[in-house]
1. Please give the length that would be gained between residue 35 and residue 49 if that part of the chain were fully extended, namely 0.36 nm times their separation in residues minus their C-alpha to C-alpha distance (nm, one decimal).
2. Roughly how big is segment 126-235's charge dipole about its Cα centre, with Cβ charges of +1 (Lys, Arg) and -1 (Asp, Glu), in debye to the nearest 20?
3. Tell me, what is the FRET efficiency for residue 292 and residue 159 to the nearest 0.05, using R0 = 56 angstrom and their Cβ-Cβ distance as r?
4. Could you do me a favour and compute the accessible area per residue for the chain, 1.4 Å probe, result in Å²?
5. Quickly rank 153-160, 266-273 as a protection proxy: mean count of other C-beta atoms within 10 Å, highest first.
6. Ranking request for peptides 208-219, 162-173: highest mean number of other beta-carbon atoms within 10 Å first, then the rest in descending order.
7. For the chain, with only Lys/Arg (+1) and Asp/Glu (-1) charged at the beta-carbon, what is the dipole magnitude about the Cα centre, in debye rounded to 20?
8. About the Cα centre, and with charges only on the beta carbon of Lys, Arg (+1) and Asp, Glu (-1), how big is the dipole of segment 206-300? Nearest 20 debye, please.
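The values are calculated or read from the model by the stated rules, or taken from the named source; none is laboratory data. In this text, all values refer to a predicted model and were calculated from it rather than measured experimentally. No Cβ is skipped: glycine too gets one built from the backbone with ideal geometry, and neighbour counts run over all protein chains shown. Areas reflect the complete protein model, heavy atoms only, side chains present, ligands, DNA and RNA absent. Shrake-Rupley method; radii C 1.70, N 1.55, O 1.52, S 1.80 Å.
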Amino acid sequence: MTAPLHDTVTAEKADETAVAADTAKKDVEGRSLGRIAWTRLKRDKLALVGGFTVLALVLVAIFAPLIAKLVGQDPYTYHQDLIDPLFSTPTGSLGGMSSEHLLGVEPVSGRDVFVRIVYGARVSLLVGFLSAMVAVIVGTVMGILAGYFGGWVDALISRVMDMLLAFPQLLFIISLIAVMPDSLLGLEGTGVRLFVMVLVIGFFGWPYVGRIVRGQTLSLREREYVEAARSLGAGRRYILFKELLPNLIAPITVYTTLIIPTNILTEAALSFLGAGVKPPTASWGQMLSGALDYYEQDPMFMVVPGIAIFVTVLAFNLFGDGVRDALDPKGTR
């Protein structure tokens, strides 16, 4: 009677071990790269704060007209009754802040600062995202071609990247906008300037992406799965876009989140110098430029758009750092 009992217990333990092994195997198989990255990203509280802030900014930019309607203000309406006729500064404390004007009003014009900040987010995020898209698309294509083909193709693309990296893009944009017509490709005024800024910022930004993609491609093209695809008769297009490109998604995603705040700062600098969007279109850099003559009498007019730029850039940088750590398999966070 002892032997059958011992055999039964041994069989039950073996079954439990097998079930546990199967469960562990399923757990391991069920964790994809995206799930692992998300698990690591959730542990980074600063990155989550940055991500939620970015999401909130995007929603504010999208629903700017609705927000303006809710607070009962318009970004183009002048409130001359709130401006001191002698000093051209807002009456009241803190730049004219009140229940009707949450962040006060602008000097001289009396336009609502809060609503103009909300509408200014549209310009900053639009230029930041679209120019980053241009840079990523061009940089990815050029970088993967340079890294995979090598030889004279790599040398030519690398020299072009070096030349563009040494070119003063701010001066070029200012010069280009100065000679651009008021109407172009069906766009007029501010639309033309936005179009030019997106193209030029993206064009001068792609070498940064191209260098990263080129370096990664040089490493990936020698991997076993690429050699296996080549030995099975796969064409160059298949290897480039089916084997190499999917493995470049992580570094491209990381750099995209980090290049957007740089583009936002570039747009703010251009608007500050007068080469950005035309008034009365709201822009954070343009508001900072207008505050230079009144920063002593009305410091809040300079502080508010400055904080908007600071918070936006900081949020993108925190989120970008978190994404980089989450996608880095050798990361420690």
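1. Residue separation times 0.36 nm, minus the Cα-Cα distance, leaves 3.1 nm.
2. 140
3. 0.85
4. Dividing the accessible area of the chain by its residue count gives 55 Å².
5. Those peptides, ordered most packed to least, come out 266-273, 153-160.
6. 208-219, 162-173
7. 1000
8. Using only the charged Cβ atoms, the result is roughly 780 debye.
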